[in-house]
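The values are calculated or read from the model by the stated rules, or taken from the named source; none is laboratory data. This one's a predicted model, so the numbers in the text were calculated from it and none came from an experiment. Here the Cβ is made from the backbone with ideal geometry for all residues, glycine too, and neighbour counts use every protein chain on show. Heavy atoms of the whole protein, side chains included, go into the accessibility calculation; ligands, DNA and RNA do not. Shrake-Rupley method; radii C 1.70, N 1.55, O 1.52, S 1.80 Å.
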Amino acid sequence: MSTKEELLEQMKNGVVEYQEDVVKEAAQAYLDAGHLALDGVMDGLAAGMQVVGELYDANEYFVPEVLMCADALYAGLDILRPHIPKKEDDVNAQVVIGSIQGDVHDIGKNLVKMMFDVAGWDVHDLGRDVPLEKFVEEQLRTDSEVVAMSAMMTTTMLGMKKVIEMIKEKNPNVGIMLGGAPVTKDVANLFGADGYAESAGNAVSEGIKMISRLREMREK
Ligand code: B12
């Protein structure tokens, strides 16, 4: 029987070599062996996509390969995701999330969405390439306390600033969180956001910090 590390490696390499069947088999064997599904997603699938990013940067992979790697990652996520236990929500909070207009990168956004979901938040996912005004409309429609935006390109990232202006004009009591490879804490501050998280792993804790700050301000 393969060890946890070996199965994680098989998932990771399966994503890198865009071998959907290898990823699916390893993910199923990983679950059958009783390992934590969340670790499988982060240390297996997402770790594989980091390597794909490096191969893309090194011009060894191009869009077609990267697309097939993304499909292999999602094939594994479909198997592991249902096995990530959902925590009883004690925060009673809602978040609107999406990848910004012009940006079709959604793997990172979907991992962040998954973390909010398993943490018991009500998640309103707008998908990818989301028109700027849609974030504003969905926040007003749902009265969500947090709006989380993802951008993976320096070009599309600029739209985030416009969305923040539009939302704050309508409702200053909303917490706006940014993330994505080109986004940094400084950029988030510069754009007037209320929160930033480098990875899906700390997005929820950042979200909880933001709403406790907002609720404190409201009680004053
Ligand atoms: C996969 C990928 C694609 C796939 C996307 C598939 C999909 N369904 O998402 C496809 C093939 C479609 C694609 C297309 C293109 N891509 Co591309 N792509 C990538 C790649 C290789 C990996 C991104 C990824 O998924 N990483 C894995 C995930 C898990 O990590 P992550 O996205 O960084 O997310 C984590 C954190 O950033 C954070 N996070 C992310 N979002 C959020 C949101 C919040 C609120 C928070 C708190 C945190 C957070 O948490 C996540 C998980 O921990 C990157 C390379 C790289 N180094 O990033 C290039 C990259 C992003 N792509 C790039 C480019 C240029 C393109 C194209 C223009 C190429 C082309 N010529 O057509 C097109 C653009 C399409 C478009 N309009 O968006 C450039 C962007 C350069 C720039 N800085 O502007 C990169 C950086 C590659 C490069 N080095 O040039 N791409």
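For the stretch 31-69, the set of residues classified as among the small types (Gly, Ala, Ser), open to solvent by 40 Å² or more (accessible area, probe 1.4 Å) and closer than 22 Å to GLY180 by Cβ consists of ALA58 only. If you go through the stretch 70-83 and keep only what is open to solvent by less than 80 Å² (accessible area, probe 1.4 Å) and either near the ligand (Cβ under 7 Å from one of its atoms) or over 17 Å from VAL22 (Cβ atoms) (or both), you end up with ALA70, ARG81.
Could you tell me whether the stretch 112-131 includes any residue that is touching a Ser or Thr at 6+ places or on another chain (Cβ under 6 Å), in contact (Cβ under 8 Å) with a residue 24 or more places away in the chain and either within 9 Å of the ligand (Cβ to nearest atom) or assigned to a helix (DSSP H, G or I) (or both)? Checked the stretch 112-131: at least one residue is touching a Ser or Thr at 6+ places or on another chain (Cβ under 6 Å), in contact (Cβ under 8 Å) with a residue 24 or more places away in the chain and either within 9 Å of the ligand (Cβ to nearest atom) or assigned to a helix (DSSP H, G or I) (or both). Restricting attention to the stretch 123-140, the residues that are open to solvent by 50 Å² or more (accessible area, probe 1.4 Å) and farther than 16 Å from ILE176 by Cα total 3.
Somewhere in the stretch 174-191, is a residue part of a loop (DSSP other than H, G, I, E, B) and in contact with a His (Cβ under 9 Å, 6 or more places away or on another chain)? Yes; the residues of the stretch 174-191 include at least one that is part of a loop (DSSP other than H, G, I, E, B) and in contact with a His (Cβ under 9 Å, 6 or more places away or on another chain). The residue list GLY40, GLY48 contains one member that is closer than 23 Å to SER199 by Cα, out of contact with any His (no Cβ under 9 Å at 6 or more places or on another chain), in contact (Cβ under 8 Å) with a residue 24 or more places away in the chain and within 16 Å of the ligand (Cβ to nearest atom), which is GLY48. If the condition is being basic (Lys, Arg) and out of contact with any helix residue (DSSP H, G or I) (no Cβ under 6 Å at 6 or more places or on another chain), then the stretch 141-169 contributes ARG141, LYS168.
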